[in-house]
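Here is the structure we will look at, set down as structure tokens.
The values are calculated or read from the model by the stated rules, or taken from the named source; none is laboratory data. Fair warning: this is a prediction, and the values are worked out from it, not measured in the lab. When we count neighbours, we look across all protein chains shown, and the Cβ atoms used for this are built from the backbone with ideal geometry, even at glycine. Just so you know, the surface numbers come from the protein's heavy atoms only, side chains and all, with ligands and any DNA or RNA stripped out. Shrake-Rupley method; radii C 1.70, N 1.55, O 1.52, S 1.80 Å.
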Amino acid sequence: MKDETKLATLGRDPDGHHGAVNIPVYRASTILQPDLKTLKQVQGARERDEQVTSYGRIGTPLTYAFENTVAEIEGGYRAISFPSGAAACSGAILSVVKGDDHILVTDSVYGPTRHFCDTVLKRLGVETQYFDPLAGAGIRDLLRPNTSVVFLESPGSLTFEIQDVPAIADVAHKHGAKVLMDNTWGTPLWFKSFSHGVDISIHAATKYIVGHSDAMLGVAIATKESWPALRDSTRAIGTAAGPDEVYLGLRGIRTLAVRLPRHMDSAITVAEWLKGRAEVSRVLHPALPDDPGHAIWKRDFLGACGLFSFELDKRYGEAAVAEFVDRLELFGIGYSWGGFESLVTVALPHRIRTAQPWQGYGALIRLHIGLEATDDLIADLKAGFDRLNRIQG
Ligand SMILES: *Cc1c(COP(=O)(O)O)cnc(C)c1O
């Protein structure tokens, strides 16, 4: 079965739900059992890792349908949902590390993941070392006897470096470390992380999986080997995604293969246009042929999403950048991405980076290209450049 067919068919059970096409939302805490014998059987099934509905926090037919669908699309063994992408990142790390461990995290990692490492993990006695996202097999030199995790994010969601995941995974596995990857940009559709050596793949489902900017949801998918620890650790911590959010996640998945190609094509169109502008010093988008990460992106990814950045020429100061960004009409100013609508933010990697300082560059503007017509988006950006040049030519 091709992915498009899987997206439309997996996780459905009309016979079990009066013919309804979609599995309804189960708003449940208690699951009643007819007698103690059945209760015991259900408990036994749960201990054997069968997907039984025994308690709301553990999972319902809807939760399992969502998790199984995502896992199957990406090629993992099993998945577990989280109330947010941030919770999925921290939950996945916590399922592997123990006190006195050392972990390697890409310097391009999502800011709140970094915050988790620098605060909670530090307090638990886990040392985080950030590494150059372009290190590839060079992480060999950074591994220590107690290194248990190598955490990747490719491309980084502000600066868009593509990482050589298979090369890194090879070195990490020889050393006995697990490879965790924030695969939100690639989505389960366009980066098949498990065929590139990842042990646990993490998604902010809030982004393209939900796809409509109306829910917070995370999911972590594991190989068979990494699954028991991920499951047990997550259950012990007690995080659970809300049923309405899971419903929106599964609904979003149904149209992922239609939305993503459109986001990709539109983003490439806008990125190419930006490259031709004198105000822009570079465009950071791995699908562009002259991007430094292009060769690896082409080798490993099946597509690109609608998120990329561009750098303005250094001559534009803060006031000019604000003049450009603030009055864009079709680009909302705000965090997150992956919805149907276009967004803009100014990224500040120089404030975050430690392994590879981000210095001497112009303002970095991150765009999420939504489903609007690219002519309209380009006209909006062009008016922005006109304003920029009026205030600072
Ligand atoms: C948004 C995001 C997250 C966190 O997801 P939330 O659902 O907002 O908690 C994690 N990683 C990346 C790359 C993201 O863009």
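Give the residue, chosen from Tyr130, Tyr55, that is open to solvent by 20 Å² or more (accessible area, probe 1.4 Å), away from the ligand (no atom under 14 Å from the Cβ) and over 26 Å from Pro166 (Cβ atoms).
Values: Tyr130 fails: over 26 Å from Pro166 (Cβ atoms).
Matching residue, one of Tyr130, Tyr55: Tyr55.
Suppose the filter is surrounded by fewer than 22 Cβ atoms within 10 Å (Cβ to Cβ), touching a strand residue (DSSP E or B) at 6+ places or on another chain (Cβ under 9 Å) and closer than 26 Å to Ile296 by Cβ; does Ser154 pass it? Spell out the reasoning first.
Numbers: surrounded by fewer than 22 Cβ atoms within 10 Å (Cβ to Cβ): no; touching a strand residue (DSSP E or B) at 6+ places or on another chain (Cβ under 9 Å): yes; closer than 26 Å to Ile296 by Cβ: yes.
So Ser154 does not fit the description; no.
Does segment 1-14 hold any residues that are surrounded by 11 or more Cβ atoms within 10 Å (Cβ to Cβ) and not in a loop (DSSP other than H, G, I, E, B), and which are they? Before you say what the answer is, go through the steps one by one.
Keep residues of segment 1-14 that are surrounded by 11 or more Cβ atoms within 10 Å (Cβ to Cβ), which gives 3-4, 6-14.
Correct list: Asp3, Glu4, Lys6, Leu7, Ala8, Thr9, Pro14.
Could you look through segment 376-393, keep only residues that are of a type outside the set (Gly, Ala, Ser) and either in a loop (DSSP other than H, G, I, E, B) or under 14 Å from His263 (Cα atoms) (or both), and pick out the one that is farthest from the chain's Cα centre (by Cα)? Before you say what the answer is, go through the steps one by one.
Just the residues of segment 376-393 that are of a type outside the set (Gly, Ala, Ser), to begin with: 376-378, 380-382, 385-392.
Still in the list and also either in a loop (DSSP other than H, G, I, E, B) or under 14 Å from His263 (Cα atoms) (or both): 377, 392.
On the way: Leu377: 25, Gln392: 37 Å.
That would be Gln392.
Condition (residue is crowded, with 23+ Cβ neighbours inside 10 Å, free of Cβ contacts under 8 Å to residues at least 60 places away in the same chain and either within 16 Å of the ligand (Cβ to nearest atom) or aromatic (Phe, Trp, Tyr) (or both)) applied to segment 195-216: is it met by at least one residue?
yes
Those residues that are open to solvent by less than 20 Å² (accessible area, probe 1.4 Å) and assigned to a loop (DSSP other than H, G, I, E, B), I need them from segment 343-362; list them, please.
Of everything in segment 343-362, just one residue is open to solvent by less than 20 Å² (accessible area, probe 1.4 Å) and assigned to a loop (DSSP other than H, G, I, E, B), namely Gly362.
Which of the residues spanning segment 15-29 are assigned to a loop (DSSP other than H, G, I, E, B) and under 14 Å from Thr60 (Cβ atoms)?
Pass one, segment 15-29, residues assigned to a loop (DSSP other than H, G, I, E, B): 18-29.
Hits for segment 15-29 are Asn22, Ile23, Pro24, Val25, Tyr26, Arg27, Ala28, Ser29.
Just one of the numbered conditions (1) under 17 Å from Arg387 (Cα atoms); (2) touching a Cys at 6+ places or on another chain (Cβ under 9 Å) is not true of Trp337; which one?
Result: Trp337 passes all but (1).
Please determine whether any residue of segment 81-88 is aliphatic (A, V, I, L, M), modelled with pLDDT of 95 or more and more than 16 Å from the ligand (Cβ to nearest atom).
So in segment 81-88, the residues aliphatic (A, V, I, L, M) come out as 86-88.
In the following step, the residues that additionally are modelled with pLDDT of 95 or more were identified as 86-88.
Imposing the further condition that a residue be more than 16 Å from the ligand (Cβ to nearest atom) reduces the set to none.
The answer is no, given that none of the residues of segment 81-88 is aliphatic (A, V, I, L, M), modelled with pLDDT of 95 or more and more than 16 Å from the ligand (Cβ to nearest atom).
Mind counting the residues in segment 87-126 that are surrounded by fewer than 19 Cβ atoms within 10 Å (Cβ to Cβ) and in contact with a Lys or Arg (Cβ under 6 Å, 6 or more places away or on another chain)? Outline the logic, then answer.
Keep residues of segment 87-126 that are surrounded by fewer than 19 Cβ atoms within 10 Å (Cβ to Cβ), which gives 98-100, 102, 111-112, 115, 118-120, 122-125.
From the residues that got through so far, the ones that are in contact with a Lys or Arg (Cβ under 6 Å, 6 or more places away or on another chain) too are 102.
Qualifying residue count, segment 87-126: 1.
Among the residues in segment 269-277, are any under 28 Å from Glu47 (Cα atoms), out of contact with any Cys (no Cβ under 8 Å at 6 or more places or on another chain) and basic (Lys, Arg)?
Of the residues in segment 269-277, the ones under 28 Å from Glu47 (Cα atoms) are none.
Scanning segment 269-277, I find no residue that is under 28 Å from Glu47 (Cα atoms), out of contact with any Cys (no Cβ under 8 Å at 6 or more places or on another chain) and basic (Lys, Arg), so the answer is no.
Which helices (runs of 4 or more DSSP H) does segment 69-188 wholly contain that include 3 or more residues that are under 17 Å from Ile352 (Cβ atoms) and in contact (Cβ under 8 Å) with a residue 60 or more places away in the chain? Show your work before the answer.
Values: elements: 85-94, 111-116, 165-175.
Because the criterion is at least 3 residues that are under 17 Å from Ile352 (Cβ atoms) and in contact (Cβ under 8 Å) with a residue 60 or more places away in the chain, the helices (runs of 4 or more DSSP H) in segment 69-188 that meet it are 111-116.
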